[in-house]
Amino acid sequence: GIDPHDLKDDSLELKERIAWEAKINPWYSIRELIRVSASGSGGIPYILNRSNLAQAWCFFNSINTFQVMPRQIGKSIGTLTLCAIYVYIMAHHTNWGMFCKGNKLQYENVDRLKKLRDALPKWLLNQSAEDTNNKEGIYYKALENGLLTFVAQSDKQAAGDQARGQSFAVEHWDEIAYYNNNKLRITA
């Protein structure tokens, strides 16, 4: 019966309890904290369809997934929801790698992630001037987490060298079938 977006009790104790529950319980974060941008509203609760439920369950149980869904029913938002709670709530000192077929998709995904972040309760975030917030990626200093993005490379050498030396806890490949030289990057 407590809405973290509209707290009637503004006590530090309640906020700490909510923050702790969000950190240890991803289902709570998805259900109570995530709000998805929608026209004419300040955000709507996340819709947990069967596909996104399966994806989230596999993700939180360290099972790699390959998700195929019809267009416009929430595949990208599902993945970016996981990224948002990972980067801004649950993880510490880790990076998420996002590989996109082109700049347009890269920018759209980063923008969607920013909207998910901006819809979290303001009191939950500890944003600072050290955070990066651009079209190509995000860094959240409070938890030392980041989202690094990469775009497909036509040049085989550049594709093979892409993200070399990086260590990602999670890799998200968006439109992998259209990602030039994806075999060179995956095997790198």
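Tabulated results
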read-out: With at most 15 other Cβ atoms within 10 Å, longest stretch of the chain clear of loop trypsin sites (Lys or Arg not before Pro) (DSSP); value: 72-134
read-out: By accessible area with a 1.4 Å probe, ligands and nucleic acids excluded, highest first: order of Cys58, Cys83; value: Cys58, Cys83
read-out: Exposure rule at most 14 other beta-carbon atoms within 10 Å, DSSP loop GluC sites (Glu not before Pro): the chain longest free segment; value: 1-129
read-out: Evaluated at q = 0.09 Å⁻¹: base-10 log I(q)/I(0), Debye formula over Cα of the chain; value: -0.34
read-out: For Thr94, residues with placed amide H under 5 Å, excluding near neighbours; value: Asn145, Gly146
read-out: With Cα atoms, 0 to 90° folded angle of helix 12-24 axis to the chain main axis; value: 30 degrees
read-out: Hydrodynamic radius by Kirkwood, which averages 1/r over all alpha carbon pairs of the range 8-100, in angstrom; value: 14.6 Å
read-out: Extended-chain gain in nm, criterion 0.36 nm per residue less alpha-carbon gap, Asn49 and Leu148; value: 32.9 nm
read-out: Per residue accessible area in Å² of the chain, where ligands, DNA and RNA are left out and the probe is 1.4 Å; value: 57 Å²
read-out: 3J(HN,Hα) from dihedral phi, the range 102-108, Karplus parametrisation 6.51/-1.76/1.60, rounded to Hz, x for glycine, proline; value: x, 4, 4, 5, 4, 5, 4
read-out: Gain upon complete extension [Cys58, Asp155; 0.36 nm per residue less C-alpha separation]; value: 31.6 nm
read-out: Antiparallel bridge percentage (DSSP; both residues within the chain; nearest 5); value: 40 percent
read-out: Globularity ratio of the range 59-151, using Cα Rg and 2.2 N^0.38 Å; value: 1.07
read-out: Heavy-atom accessible surface of the range 1-101: percent carbon and sulfur, 1.4 Å; value: 55 percent
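The values are calculated or read from the model by the stated rules, or taken from the named source; none is laboratory data. Remember, predicted model here, so these are calculated numbers, not experimental data. Positions of Cβ are backbone-derived with ideal geometry, glycine not excepted, and every protein chain shown enters the neighbour counts. To get the accessible areas, we keep the full protein, side chains included, count just its heavy atoms, and leave off ligands, DNA and RNA. Shrake-Rupley method; radii C 1.70, N 1.55, O 1.52, S 1.80 Å.
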